[in-house]
Amino acid sequence: MDISAILEDIREHWHVYATMPFIAALIGYITKRVAIEMMFRPLEFVGIRPFFGWQGVIPANSRRMATTAVDLLTKNLVDPQEIFSRLDPEEMVKELEEPLLKAVEDVTREVMEQYQPRLWELLPTRAQRMLVDQVRAQAPKVVARLMREVSTNIDEVLDVNEMLINAMVRDKSLTCRLIKEVATPELRFIARSGIWFGFVIGLIQFVAWALTKQPLIMPIFGFVTGFVTDWLALKMIFYPREPRRFLFFSWQGMFQKRRQAVAKDYGALIADEVLTVRNVMEAVLTGPKSDKLFGMITREVQRTIDAQASIAKPLVALTVGGVQYQEMKKAAAEKAIAYLPETVKHVESYATDALDVRNTIVTKMQQLTPLEFEGILRPAFQQDEWKLIAVGAVIGGLVGELQVLLLLH
């Protein structure tokens with residue numbers, strides 16, 4: 001090994017050697033940026049299935065990601081029964097009073113006009129008003145009783161897991177946002193770390209090329225740069241779970257270190273985008289268990305009609321037969337259910353404040369063990385991180401080969 005010849009070559013081609021660590025740093029950065037983008041984009045598969053093309057890792061596995069996130073939510077952060085028991089039936093009725101009474105009046109008039117138009121027309125206005133008022137007077141009690149039954153048996157009318165998973169799978173961008181916004185500093189760290197890791201490897205590459213002049217050195221180091229920096233950056237996000245000292249500095253996985261901020265961001269996203277009152281209402285009214293809710297409503301409406309013995313039932317009983325009376329009760333229940341979606345919108349603000357999903361999640365997240373806490377973000381990387389690392393390595397190798405061509409020609 002002729003040291004003087006090596007030094008002479010470095011002196012003669014100093015500009016080539018000087019670029020090595022910087023190009024390696026660029027490779028490190030580019031491979032990280034590509035890996036990050038490949039996690040989230042594109043939302044739908046682009047290419048020719050099954051092998052020629054790509055779909056973002058998270059969108060491609062949106063159901064698995066959503067299932068994992070929901071398991072964490074319902075097992076560790078949110079107890080649906082406890083959450084929904086915070087709704088005060090009396091306060092709900094108070095919030096619903098105006099639209100509820102309007103709906104009750106409309107239903108009463110429509111049913112009477114449909115089944116007993118002549119009787120309704122013959123009744124004096126005062127008698128019509130008395131009939132409507134009596135039904136209206138019963139409505140708040142019925143709704144309060146119904147609310148108590150629903151809130152204490154929420155599992156009978158709402159499949160919380162299915163609701164949350166469907167909301168996230170239906171909107172793949174929501175699942176991406178849930179990861180991206182919570183992990184913004186970690187993703188930024190991954191990209192920037194590629195620069196520093198790559199620069200250090202580039203210095204080693206500098207020495208290796210000076211000693212060997214082997215064309216394979218560049219693509220091999222490019223491959224190693226892409227592979228190692230991707231792997232190391234991903235590991236440094238999560239590990240170590242507890243602060244640990246390394247020589248002259250201490251390190252804790254970035255995600256673990258940001259527990260407070262992550263809890264606030266995650267709680268806000270879940271409360272504002274996933275476990276919202278609107279999503280809950282939609283699931284209750286259209287979900288697989290909605291029949292049970294409608295059954296409860298039907299039972300309560302028919303019970304209320306039967307209870308109007310002083311005015312409603314005698315008037316009806318004199319003019320309709322038993323079968324038609326049953327049909328009238330069924331029609332009243334169906335109309336009440338039809339009014340439901342529009343009516344319940346009026347309690348959205350109160351219910352959001354009462355459920356207090358955001359603060360509940362923040363408080364519970366701060367009580368998680370480091371391993372449980374890691375489960376918030378880790379599934380987004382774990383199963384398919386080898387793909388991201390492999391792509392980084394291949395890109396690094398290709399850039400290294402390009403570097404050889406530039407150096408030799």
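The values are calculated or read from the model by the stated rules, or taken from the named source; none is laboratory data. Quick caveat: nothing in here was measured; it's all calculated off a predicted structure. Glycine gets a Cβ as well: all are built from the backbone with ideal geometry, and neighbour counts include every protein chain shown.
Couple of notes before you dig in:
- Residue, surrounded by the fewest Cβ atoms within 10 Å (Cβ to Cβ), within the range 11-22, restricted to residues that are modelled with pLDDT of 80 or more and touching a helix residue (DSSP H, G or I) at 6+ places or on another chain (Cβ under 8 Å): Phe22
- Matching residues, the range 153-168, being part of a helix (DSSP H, G or I) and crowded, with 17+ Cβ neighbours inside 10 Å: Ile154, Val157, Val160, Met163, Leu164, Ile165, Asn166, Ala167, Met168
- Failed condition for Gln128, given (1) at pLDDT 75 or above; (2) outside the structural domain of Arg41 (by TED's automatic domain parsing); (3) surrounded by 14 or more Cβ atoms within 10 Å (Cβ to Cβ): (1)
- Among all residues of the range 81-94, there is at least one that is crowded, with 18+ Cβ neighbours inside 10 Å, more than 29 Å from the chain's Cα centre (by Cα) and under 30 Å from Leu275 (Cβ atoms).
- Looking only at the range 169-184, and only at residues there that are surrounded by fewer than 16 Cβ atoms within 10 Å (Cβ to Cβ) and not charged (D, E, K, R), the one that is nearest to Arg259 (Cα to Cα): Thr184
- The set of residues in the range 185-203 being modelled with pLDDT under 80 and surrounded by fewer than 18 Cβ atoms within 10 Å (Cβ to Cβ) consists of Val200 alone.
- For Lys213: the one exception among (1) farther than 26 Å from Glu273 by Cβ; (2) of a type in the set (Lys, Arg); (3) modelled with pLDDT of 80 or more: (3)
- Segments classed as helices (runs of 4 or more DSSP H), wholly inside the range 279-358, with at least 3 members that are among the aliphatic types (A, V, I, L, M) and modelled with pLDDT under 70: 312-319
- Within the range 391-405, residues that are under 14 Å from Lys32 (Cβ atoms) have Cβ atoms under 6 Å from residues that are charged (D, E, K, R) and at pLDDT 70 or above in these pairs: Gly392/Asp230, counting only partners at least 6 apart in sequence or on another chain.
- Taking the numbered list (1) crowded, with 17+ Cβ neighbours inside 10 Å; (2) within 15 Å of Lys32 (Cβ to Cβ) in turn, Phe221 passes all entries but (2).
- The selection criterion, being crowded, with 18+ Cβ neighbours inside 10 Å and of a type in the set (Phe, Trp, Tyr), holds for Phe238.
- Residues within the range 362-374 that are crowded, with 20+ Cβ neighbours inside 10 Å and modelled with pLDDT of 85 or more, tallied: 1
- Met38 being in contact (Cβ under 8 Å) with a residue 40 or more places away in the chain, more than 16 Å from Met168 (Cβ to Cβ) and assigned by TED's automatic domain parsing to the domain that holds Gly198: yes
- Residue match in the range 31-50 (condition: modelled with pLDDT under 75 and either of a type in the set (Phe, Trp, Tyr) or surrounded by fewer than 18 Cβ atoms within 10 Å (Cβ to Cβ) (or both)): yes
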